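The structure under discussion appears below in the form of structure tokens.
Every number here is computed from the coordinates shown, using simple stated rules; none is lab data. Fair warning: this is a prediction, and the values are worked out from it, not measured in the lab. Using ideal geometry, Cβ is built from the backbone for each residue, glycine included, and neighbour counts are taken over all protein chains shown.
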Amino acid sequence: MGLFYEAEKTFEQLMDEKKNFVFIGEAGSGKSEIVLNIAAKIAEKTGKPVDLFDLDQTKPLYRSRDMQQAFAERGVTIHYQDQYLDAPVMVGGVRVSLISDNYTLLDIGGGHQAAKFAGAYNDLLSKDNAVPVYIVNPYRPWTKSVDAIDGTMRHILGSMRLDHIYILGNPNLGYTTSVNEFMDGLDKIDELFDGFTTVNSACVRREIFEEAQAKTEKSLVPLDLYLTYSWVD
């Protein structure tokens, strides 16, 4: 198995095949927004309980835990642990969920520290029913070269004691991203990974989904923006 796992499959296919998902991405990649959308989609499609574990150790501005009450009504339970100052914490119930019939999504943030925590479940995350997903937003400064991406991925995967990853594109410049900006971002992703792997799936804001899908053969996942706050304007 190479570093880039199941590259020939679309992310939609993986959602039909896998039960456990680990989402990794640098700050600003859109990871938490994507995790919320995937959790809601799986719950609606399967009718099964979905556990979303917010393992972010950096307490960022956009946090999946902020949607706990709203998502409970959708069949998604968001688990997290309150933190005091910068003290790292473990979130309980991860192992139980991973081995249950529930779908399990881990939102990994905070780089090496959070990845080390996730590494405690390496025995389960290495199974065929699990997939680690790396979110790439080519408009962020730390994803402008394949060397930078590779360094971050290998560092995190090493902490988690995993040796493979699935690449999911998320080219955006914020909640006003245009179709042209999105398409330019797809081209940037292809350039980044040229000669290494094929990235055949990407996320796109629902409002421009149909127009964007008509312009590309890649499989696009429409996103609702749950974490766009009113004061952003």
message: Is there a quick way to get the dipole size of region 11-228? I mean about its Cα centre, with the Cβ of Lys and Arg at +1 and of Asp and Glu at -1; what is the value in debye to the nearest 20?
response: 500
- prompt: Once amide H atoms are placed 1.01 Å from N in the peptide plane, what residues at a sequence separation of 5 or more from HIS79, or on another chain, have their amide H within under 5 Å of its amide H?
  reply: LEU52, PHE53, ASP54
query: Residue-wise, which Karplus ³J(HN,Hα) couplings in Hz belong to region 189-206, taking 6.51 cos²θ - 1.76 cosθ + 1.60, θ = phi - 60°, and x for glycine or proline?
result: 5, 4, 5, 4, 9, 4, x, 10, 6, 9, 9, 10, 9, 8, 9, 8, 4, 4
message: Projecting each Cα onto the charge dipole of region 11-228 (Lys/Arg +1, Asp/Glu -1 at the beta carbon, about the Cα centre), which of LEU173, ASN20, SER32 comes out farthest on the positive side?
response: ASN20
query: In straight Cα distance, which lysines are under 30 Å from LYS48, not counting same-chain residues fewer than 8 positions off?
result: LYS9, LYS18, LYS19, LYS31, LYS59, LYS116, LYS127, LYS218
Cβ charges +1 (Lys, Arg) and -1 (Asp, Glu), total dipole of region 90-213, debye: 600
query: Under a Cβ-Cβ cut-off of 11 Å, what is the net charge of the residues other than THR177 that fall near it, where Lys and Arg count +1 and Asp and Glu count -1?
result: -2
statement: Note, PHE4: beta-carbon cut-off 15 Å, +1 each Lys/Arg, -1 each Asp/Glu, net -4
message: Please give me the summed charge of the neighbours of LYS48: other residues whose Cβ is under 15 Å from its Cβ, Lys and Arg +1, Asp and Glu -1.
response: 0
